[in-house]
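The values are calculated or read from the model by the stated rules, or taken from the named source; none is laboratory data. The structure displayed is predicted, hence computed values, not measured ones. Please note: Cβ atoms are built from the backbone with ideal geometry, for glycine as well, and neighbour counts cover all protein chains shown.
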Amino acid sequence: MTRARGKDAPWFAALLLIITAGILSRAFHSGHLLLDKYLGDTLYAAMVCVLLRLSSRIRNIPLAAALILLAIESFQLTGIPAALSRSDHLPIRLTARLLGTHFHWADLLAYALGILPFTFLPPTPRPMQEKFPPTTRS
């Protein structure tokens with residue numbers, strides 16, 4: 001059973017606003033470290049929560065988002081994203097940029113702040129399973 005489009009419309013609008021704000025936070029610099037660096041990380045975490053809300057049946061969105069973001073941040077410790085950022089191929093460099101190239105503990109705090117509002121929302125409702133009557137063979 002598919003979800004009604006109207007129920008997801010606010011989430012798609014929120015996703016669009018978060019992505020726009022995230023791009024603007026990286027494009028324009030205020031001179032304040034908290035705004036210039038960590039606002040984008042906070043919005044990135046919120047974006048992951050909204051994407052999970054829209055695309056999955058995970059009930060505990062904040063926990064799932066925290067685990068995903070911790071995995072991405074831990075992956076940066078391998079040095080692989082930093083190496084990818086030096087690639088000659090633009091898609092690979094963009095992927096490295098999206099993942100981030102350097103581990104910072106403060107990023108985890110920014111992610112927690114982005115996830116925090118989602119802890120106050122009710123769990124993601126699971127779609128009802130359609131029940132079919134048993135088939136009889138004649």
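With respect to the stated conditions, ALA45 is out of contact with any Asp or Glu (no Cβ under 8 Å at 6 or more places or on another chain), in contact (Cβ under 8 Å) with a residue 40 or more places away in the chain and small (Gly, Ala, Ser).
Search the range 55-112 for residues being of a type in the set (Val, Ile, Thr) and without any contact (Cβ under 8 Å) to a residue 40 or more places away in the chain, and hand back the single one that is surrounded by the most Cβ atoms within 10 Å (Cβ to Cβ).
The residue in question is ILE72.
If you take the residues in the range 9-54 that are β-branched (Val, Ile, Thr) and under 16 Å from ASP107 (Cα atoms), which one is surrounded by the fewest Cβ atoms within 10 Å (Cβ to Cβ)? Checked the range 9-54; the qualifying residue surrounded by the fewest Cβ atoms within 10 Å (Cβ to Cβ) is VAL48. The conditions are (1) loosely packed, with under 12 Cβ neighbours inside 10 Å; (2) touching a residue at least 40 places away in the same chain (Cβ under 8 Å), and GLY6 fails exactly one of them. Which is it? The number of the failed condition is (2). Listed by position, the helices (runs of 4 or more DSSP H) inside the range 1-115 whose residues that are at positive phi and at pLDDT 90 or above number at least 1 form an empty set.
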